[in-house]
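To start, the structure under review is shown below, and the notes come after it.
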Amino acid sequence: MSVADRVRILDTEVLSDDWYVLKKTRFEWRRRDGRWQAMSRETYDRGNGATILLHDAARGTVVLTRQFRFPAFVNGHDDLMIEAAAGLLDDASPEERIRAEAEEETGYRIGPVRKVFEAFMSPGSVTERLHFFVAPYSAEAQVGQGGGVEAEGEDIEVLELSLVEALQMIETGAILDAKTIMLLQYAALHLQQRQPGG
C-alpha cells in the first residue's frame, strides 16, 4: 500500500499567499492498524530550492555567505547567518538555478556542478525539497563581487574560509544553518585533499 492510499484529503484552506503560500488542510490518515484518524496540518509552500558548496580542494578552502535572516532573528539569533549559497528554483532546473544563484551571491562563475543528495529540511511543516551541489572554484572564476540582488532585499557578504575553520565554526555555534552544516560535513568526508598515507 502506498502512502497515497493512506491519505484522504477533506478540505484545504489558504491562510496566507503573501511571501509564500501557507495552507491548512484537514485530512484522514490510515494508521498501521487500519483505523482512519482525522488530522489537521498547516503546510508552508515556498517551492523547491538548491544549495551549493564552492570548494578549492588544493587550498582547502570553501566559499560561504553571510546575511541577515529575519526568522532566525525573531527566534533569538542576534547575528548574521553564515550559509552556503542557495536559492529557490523558480521553475528552472536545479543545476541551472544553482549556477545562477552562486554567481549572484558569491561572484564566482562556476563550471561543472555535482549533485550530491536531496533533503527535506523541515518535513513537519515546510514542503521544500532542497537539492545539494558541490563545485570547484578558483580565483580566476570570480567575475563579480556577489552580494545578491538588492531589489530582493539581499545584502550578502562573501566569505572565503578554510574548511577546517568552517568545521570549527559549526562546533562553536558560529554556523547554525542546516544546509551549510550538511555540505561542510560532506566536504570533510569526501572533498578534503587526502595526504599521502592518510
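The values are calculated or read from the model by the stated rules, or taken from the named source; none is laboratory data. Here the structure is a predicted model, which is why all the values come from computation and not from measurement. As a convention, Cβ positions derive from the backbone with ideal geometry for all residues, glycine included, and neighbour counts pool all protein chains shown.
Against the criterion of being part of a strand (DSSP E or B) and on the phi < 0 side of the Ramachandran plot, Glu118 qualifies.
For Asp18, state whether it is not basic (Lys, Arg) and not assigned by TED's automatic domain parsing to the domain that holds Ala102.
Values: not basic (Lys, Arg): yes; not assigned by TED's automatic domain parsing to the domain that holds Ala102: yes.
Yes, satisfied.
Evaluating Arg59 against the criteria (1) basic (Lys, Arg); (2) exposed (fewer than 15 other Cβ atoms within 10 Å of the Cβ); (3) not assigned by TED's automatic domain parsing to the domain that holds Ala178 leaves one unmet condition, (3). For Ile52, the conditions (1) aliphatic (A, V, I, L, M); (2) surrounded by fewer than 13 Cβ atoms within 10 Å (Cβ to Cβ); (3) in a strand (DSSP E or B) are fulfilled apart from (2).
Pairing each residue of segment 89-100 that is closer than 17 Å to Glu128 by Cβ and in contact (Cβ under 8 Å) with a residue 40 or more places away in the chain with any residue that is surrounded by 15 or more Cβ atoms within 10 Å (Cβ to Cβ) and basic (Lys, Arg), provided the two are 6+ apart or on different chains, yields C-beta distances under 6 Å for Leu89/Arg97. If you filter segment 145-198 down to residues that are assigned to a loop (DSSP other than H, G, I, E, B), β-branched (Val, Ile, Thr) and buried (at least 17 other Cβ atoms within 10 Å of the Cβ), you find that the one that is modelled with the lowest pLDDT is Ile156. Residues that are among the small types (Gly, Ala, Ser) and either farther than 22 Å from Leu159 by Cα or not assigned by TED's automatic domain parsing to the domain that holds Val164 (or both) do not occur anywhere in segment 126-140.
Confirm whether Val7 is under 20 Å from the mean Cα position of the chain (by Cα) and on the phi < 0 side of the Ramachandran plot. Steps first, answer last, please.
Working: under 20 Å from the mean Cα position of the chain (by Cα): no; on the phi < 0 side of the Ramachandran plot: yes.
So Val7 does not fit the description; no.
Out of Thr127, Thr106, one residue alone is over 23 Å from Leu80 (Cα atoms) and either within 16 Å of the chain's Cα centre (by Cα) or modelled with pLDDT of 95 or more (or both). It is Thr127.
Can you confirm whether segment 23-45 contains a residue that is closer than 30 Å to Leu161 by Cβ and either of a type outside the set (A, V, I, L, M) or loosely packed, with under 11 Cβ neighbours inside 10 Å (or both)? Walk me through it before giving the result.
Initial filter on segment 23-45 (closer than 30 Å to Leu161 by Cβ): none.
Within segment 23-45, not a single residue is closer than 30 Å to Leu161 by Cβ and either of a type outside the set (A, V, I, L, M) or loosely packed, with under 11 Cβ neighbours inside 10 Å (or both).
Can you find a residue in segment 78-91 that is within 18 Å of the chain's Cα centre (by Cα), among the β-branched types (Val, Ile, Thr) and not in a strand (DSSP E or B)? Give the derivation first.
Quick first cut of segment 78-91, residues within 18 Å of the chain's Cα centre (by Cα) only: 80-91.
From what's left, among the β-branched types (Val, Ile, Thr): 82.
Of the ones still in play, those that are also not in a strand (DSSP E or B) are none.
No: segment 78-91 contains no residue that is within 18 Å of the chain's Cα centre (by Cα), among the β-branched types (Val, Ile, Thr) and not in a strand (DSSP E or B).
Would you say Asp18 is surrounded by 12 or more Cβ atoms within 10 Å (Cβ to Cβ), under 24 Å from Ala86 (Cα atoms) and among the acidic types (Asp, Glu)?
Numbers: surrounded by 12 or more Cβ atoms within 10 Å (Cβ to Cβ): no; under 24 Å from Ala86 (Cα atoms): yes; among the acidic types (Asp, Glu): yes.
Judged against the criteria, Asp18 is not a match.
Scanning segment 110-149 for residues that are farther than 20 Å from Ala50 by Cα and among the charged types (D, E, K, R) returns a single hit, Glu140.
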